[in-house]
1. Looking only at region 196-243, filter to residues that are of a type in the set (S, T, Y) and within 30 Å of V73 (Cα to Cα); which one of those is nearest to the chain's Cα centre (by Cα)?
2. If a residue has to be among the aromatic types (F, W, Y) and either part of a strand (DSSP E or B) or surrounded by fewer than 17 Cβ atoms within 10 Å (Cβ to Cβ) (or both) to count, how many in region 84-108 make the cut?
3. Among the numbered criteria (1) over 24 Å from I149 (Cα atoms); (2) outside any loop (DSSP other than H, G, I, E, B), which single criterion is violated by D355?
4. Out of everything in region 484-507 that is closer than 30 Å to T101 by Cβ and in contact with a Ser or Thr (Cβ under 6 Å, 6 or more places away or on another chain), what residue ends up being surrounded by the fewest Cβ atoms within 10 Å (Cβ to Cβ)?
5. Scan region 340-354 and tell me whether some residue there is closer than 30 Å to R20 by Cα, out of contact with any Phe, Trp or Tyr (no Cβ under 7 Å at 6 or more places or on another chain), at pLDDT below 90 and outside the structural domain of W388 (by TED's automatic domain parsing).
6. Can you confirm whether R235 is charged (D, E, K, R) and part of a loop (DSSP other than H, G, I, E, B)?
7. Being of a type in the set (S, T, Y) and surrounded by 13 or more Cβ atoms within 10 Å (Cβ to Cβ) is the filter here, so list the residues in region 284-313 that pass it.
8. Going through region 522-571 one residue at a time, which ones are part of a helix (DSSP H, G or I), modelled with pLDDT of 75 or more and loosely packed, with under 14 Cβ neighbours inside 10 Å?
Amino acid sequence: MAIGYLTIQARTAHDAVPLRGVQIRVMNKQGNSIYILTTDENGETEKLPLETVDKSFSQNPYYTGTPFIGYNVLAQKSGFNSLYVKDIPIYEGENALLPLTLIPMQESQRSPLQAEITIGKPAVAEQDTRRQEGTVAAPESRILRQVVIPNPITVHLGAPTSPASNVQVSFPDYVKNVASSEIYPTWPEASLRANIYAIITFALNRVYTEWYRNRGYNFDITNNTAYDQAFVYGRPIYDSISRVVDAIFNEYVRRQGQIAPYFTSFCNGTTATCQGLSQWGTVSLANQGYTPLQILRSYYPNDIEIVQTNVITNVLSSYPGTPLKVGSAGLDVQTIQTYLSRIRRNYPAIPSISDPAGTFGNSTKAAVTKFQSIFNLTPDGIVGKSTWYKISSLYAAVTKLAELNSEGSTLGIGTVPPSSTLRQGSRGPDVITLQYLLNLVSEYYPGIPAPAQDGIFGSGTRQSVIAFQQIMGLQTDGIVGAATWRALYNAYLGIDQNIPSPGPDPGTITYVVQPGDSLWLISQRYGTTVDAIKRLNNLTSDMLSIGQVLKIPSGQTPGYIEYTVRAGDTLWLLSRRYNTTVDAIKRLNGLSSDMLNIGQVLKIPA
C-alpha cells in the first residue's frame with residue numbers, strides 16, 4: 001500500500017494566533033481513530049503517514065475510480081467551536097497541509113457548536129459543464145489602471161445570485177486552495193505550473209475588469225465552477241502545489257503589447273470540452289516535455305507571455321526585488337528583523353535575532369528559516385518574494401490585533417452594549433464602538449469585511465453589519481438594534497475570554513496599570529527604574545491611566561504582581577489574562593473558594 005502524509009495547523013485570526021493544545025482525532029471513513037494527538041506551540045501536529053493508493057491512478061485520465069483514500073479529522077479545544085473535516089484526499093508521496101481555523105465560542109454559549117466541511121474529489125474529476133464568461137478588454141471606465149494582486153480577495157461561496165456568504169483570504173492562499181480543489185497534486189510540475197498560471201490569470205482578470213463589482217456584487221469571484229473556478233474554504237493544501245504558487249503567485253498571462261490578464265478559461269478536457277485550456281491535456285503535453293509556456297500557447301494565442309506585477313494591496317512594505325540572505329544589509333533587512341521580532345511574540349519557537357540592525361547574519365537566517373518551516377515555505381533562510389509577502393502579511397495581522405486590543409481598552413468597550421439603534425447615516429461614538437467591534441470580530445470570522453473606523457455609518461459599515469447578521473442568523477437588515485448589539489458583544493467577549501494572549505517581548509513582562517499605581521511604585525516592585533520603563537514604553541511624562549498596558553524590563557521580577565479586583569472579574573478570567581491557572585492564584589492567596597470582592601487585592605503569579 002502506498003503512503004501519503006497529513007500535517008495539521010490549528011490557528012485563528014488569519015494565522016496571527018496559533019492554537020496550542022487542540023485535540024486532534026484522525027479517522028478513516030469507518031470512523032475508526034488512527035491518530036489521537038494535540039497541537040504544539042505553533043498550533044501544529046507532526047507529519048502523519050497514512051495509507052493510500054498508487055499515484056499512477058491520479059495521473060490517468062481514463063481511470064474511473066477514486067485515485068486517493070479519504071480521511072476525516074475532528075478538532076476540539078476548550079473555549080472554541082469544534083471543526084469536523086470529512087473526506088480529505090491523501091495521495092501517494094504528497095503532504096496535505098490542513099488548516100484548521102477555529103472560531104472562539106461566544107460568551108453566551110453553554111457548549112461548543114460543530115462546523116463541518118466536506119472536501120472530496122477535485123473539480124477535474126467532475127462532469128459539470130463550464131460556461132465561464134469573461135473579457136480581456138473592457139470599456140476604460142470599467143477596468144483598473146494596473147494589474148493588482150488583491151490582498152485579500154473576496155470569494156462568494158456559491159453562484160453569483162445565491163445568498164451564500166463571502167470569505168476573504170490572501171491571494172496566495174486563494175490560488176493554493178483553487179489549485180488543490182481543481183486538479184491532482186501528483187501531476188508533472190510543468191502541468192501544475194501551466195494550470196496554476198491559468199488559475200492566477202483567471203482570478204486577476206476578474207479583479208482587473210471588476211467583473212462582479214461592476215454588476216453590483218460585493219465580491220471579486222465565486223467558487224462556482226460553472227462561472228469561475230473551484231474553491232473549498234478550509235480544505236487541505238498540497239506541498240507540490242504550495243511550492244509552485246509561492247514561486248509564481250504574482251505572475252500572470254497576457255498578450256504581448258497588452259496589460260490586461262488574458263481570460264484563461266479552462267475545463268477538464270475529457271468529460272467536458274471548451275475553447276480554453278484542457279486540464280488533462282496539460283498532463284499529456286508535460287509528459288512530452290513541453291514547458292509551461294508552451295503548454296499555455298497550445299490552448300491560448302501564440303503571442304501570450306508570462307509577466308509579473310509587484311503591486312500587492314495591503315502589504316506594508318514592498319518586496320525589494322532581490323532576495324535577502326546572509327551578507328545582505330540595509331533598511332530592507334532591518335524591516336524583516338523588526339517584523340520577525342514582533343511575530344516571535346505570537347510564535348515563540350522563532351529564535352531571537354542578535355545581529356545588528358540592518359545586518360543579515362546567522363541569527364537572522366535562523367529566525368527566517370524557522371518562520372519558513374512554520375508556514376510551509378522552503379526553509380532555506382533566504383527572504384525571497386514569497387517569504388517577504390508572508391512575513392509582511394503576518395506582521396500586519398499580529399499588529400492589527402494588538403492595536404485593536406489597545407484601542408478596545410481606550411474606548412472603554414465594557415460588557416454592556418449601547419442602547420442606541422444605528423443605521424446607515426448614523427454618526428458618533430457609538431458608531432466608533434460598532435466599527436471597532438466589527439473590526440475585531442472580522443479577524444476571527446473571514447466572512448465579515450472590516451469597516452473603516454471613522455465614526456460614520458456608511459455603506460462599508462452596513463455591508464459589515466449585514467455579513468455579521470448573516471453569520472449569526474439574525475435579520476439581515478443592516479440596522480444595529482438590541483439583538484445585533486448583543487450578538488456583537490457575545491462574540492467580542494467570547495474572543496476576549498478564549499483567545500490566548502501572545503507573550504511579551506523577550507526580556508519584558510506586561511503590566512496593566514491599577515488604581516494608585518505610579519511609575520516609581522511599579523519600578524520598585526519590579527526592581528527597575530522609572531527611566532527604564534519610560535524608555536521602553538516611549539513615555540514623555542510620568543502620567544499613567546488606569547488600564548494602560550506597560551512593558552516592564554524583566555530585571556529583578558518578583559514571583560507575583562498585585563492586582564485589585566474590579567467589577568466583572570473572576571478567577572478564571574484573571575488566570576487567562578495573566579497566563580496562569582485558577583489553582584495557582586488560589587494557592588498564592590490562600591483562597592478556599594472562587595468568590596472575589598471588588599477592591600480585593602490579589603497576588604497573581606508573574
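The values are calculated or read from the model by the stated rules, or taken from the named source; none is laboratory data. Treat the numbers as computed from the prediction; the structure is a model and nothing was measured. Here the Cβ is made from the backbone with ideal geometry for all residues, glycine too, and neighbour counts use every protein chain on show.
1. Selected residue: Y233.
2. Total satisfying the criteria: 1.
3. Going through (1) over 24 Å from I149 (Cα atoms); (2) outside any loop (DSSP other than H, G, I, E, B) one by one, D355 breaks only (2).
4. Looking at residues that are closer than 30 Å to T101 by Cβ and in contact with a Ser or Thr (Cβ under 6 Å, 6 or more places away or on another chain), I get P506.
5. Within region 340-354, none of the residues are closer than 30 Å to R20 by Cα, out of contact with any Phe, Trp or Tyr (no Cβ under 7 Å at 6 or more places or on another chain), at pLDDT below 90 and outside the structural domain of W388 (by TED's automatic domain parsing).
6. yes
7. Residues satisfying the conditions are S284, Y290, T291, S298, Y299, Y300, T309.
8. D531, R535
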